[in-house]
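A short write-up of the structure that comes next.
The values are calculated or read from the model by the stated rules, or taken from the named source; none is laboratory data. Every value quoted in this text rests on a predicted model; they were computed, and no experiment measured them. Here the Cβ positions follow ideal geometry from the backbone for every residue, glycine too, while neighbour counts run over all protein chains shown. Note: areas computed on protein heavy atoms with side chains; ligands, DNA, RNA excluded. Shrake-Rupley method; radii C 1.70, N 1.55, O 1.52, S 1.80 Å.
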Amino acid sequence: MQKTKRTVDMLSANELESIDELTLVTRFQNGDTSAFNTLVLKYQTQIAKLIYKHVKDAETTKDLSQEVFLKAYKALPRFKRDSAFYSWLYRIATNCCIDFLRKKKRRQDFLYDELPGTPEEFLLFGRFPSPSHIVEMEELGNMIAKAINHLPPKQQEVFKLRYDQKLPIKEIALHINRSEGTVKTHLHNAHRNLRELLRPYLENKPVEWDEK
């Protein structure tokens with residue numbers, strides 16, 4: 001196995017170009033999974049260029065490239081050869097980019113929208129949300145719930161009174177013995193701080209405050 005890998009790694013660009021992809025696909029579908037390594041080497045640069053054209057980020061390109069070839073590896077046994085292998089791989093890569101950009105856009109849009117009342121309300125977005133969308137919203141709802149617990153005590157109290165208990169501003173002011181203007185200020189600051197707490201998550205970056 002190691003000898004085969006070294007031989008594949010040493011193939012020149014011209015040699016990779018001349019390799020018959022359908023022969024490799026046949027070998028893979030007949031049980032020789034090592035044939036997939038050559039397919040990766042043959043097309044990894046083209047796929048990376050395609051992905052980078054869409055996402056404009058080197059690390060994201062690397063991650064999505066791995067995702068594309070992982071999906072291709074899993075789906076290749078069912079490949080029916082009704083199109084060229086690269087056309088099939090191209091569609092997988094394009095769909096991965098579309099999914100990534102759609103998810104990124106939803107998260108970026110959220111940064112500039114008003115936070116909904118409770119995490120559960122995320123599930124009300126759209127009359128017929130897709131299963132993947134529901135999963136994303138549930139995950140985001142869980143992160144919001146955690147972020148709320150990291151707000152300063154007064155902001156956290158006012159936020160929960162407003163959205164968990166559905167109290168109007170006037171009643172919250174009476175409850176905490178402060179003016180309505182102070183309540184509105186606490187709510188404004190709570191929204192601002194929640195956006196900052198959630199920004200790393202929404203931008204697919206590590207969330208340092210997450211206690212998972």
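Here's the yes/no breakdown for (1) hydrophobic (A, V, I, L, M, F, W, C); (2) under 25 Å from ARG102 (Cα atoms); (3) at pLDDT 90 or above:
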| residue | (1), (2), (3) |
| --- | --- |
| LEU11 | yes, no, no |
| GLU17 | no, no, no |
| GLU21 | no, no, no |
| LEU64 | yes, yes, yes |
| LYS71 | no, yes, yes |
| ARG81 | no, no, no |
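Taking the condition of being closer than 22 Å to HIS54 by Cβ and open to solvent by 90 Å² or more (accessible area, probe 1.4 Å), how many residues in the stretch 75-89 meet it? Before you say what the answer is, go through the steps one by one.
Restricting attention to the stretch 75-89, the residues satisfying the condition of being closer than 22 Å to HIS54 by Cβ are 75, 83-89.
Okay, now just the ones that are also open to solvent by 90 Å² or more (accessible area, probe 1.4 Å), so none.
Residues that pass the stated criteria total 0.
Can you tell me how many residues in the stretch 73-100 are over 19 Å from the mean Cα position of the chain (by Cα) and of a type outside the set (Phe, Trp, Tyr)?
At the first step, the residues of the stretch 73-100 found to be over 19 Å from the mean Cα position of the chain (by Cα) are 73-90.
Narrowing the set further to residues that are of a type outside the set (Phe, Trp, Tyr) leaves 74-78, 80-84, 87, 89.
Number satisfying all stated conditions: 12.
How about the stretch 26-49: which of its residues are of a type in the set (A, V, I, L, M) and open to solvent by less than 20 Å² (accessible area, probe 1.4 Å)? Reasoning before the result, please.
Kept after step one, since they are of a type in the set (A, V, I, L, M), are these residues of the stretch 26-49: 35, 39-41, 47-48.
Within the stretch 26-49, ALA35, LEU39, ILE47 qualify.
Within the stretch 180-212, count every residue that is open to solvent by less than 40 Å² (accessible area, probe 1.4 Å) and β-branched (Val, Ile, Thr).
Adding up the residues that qualify gives 2.
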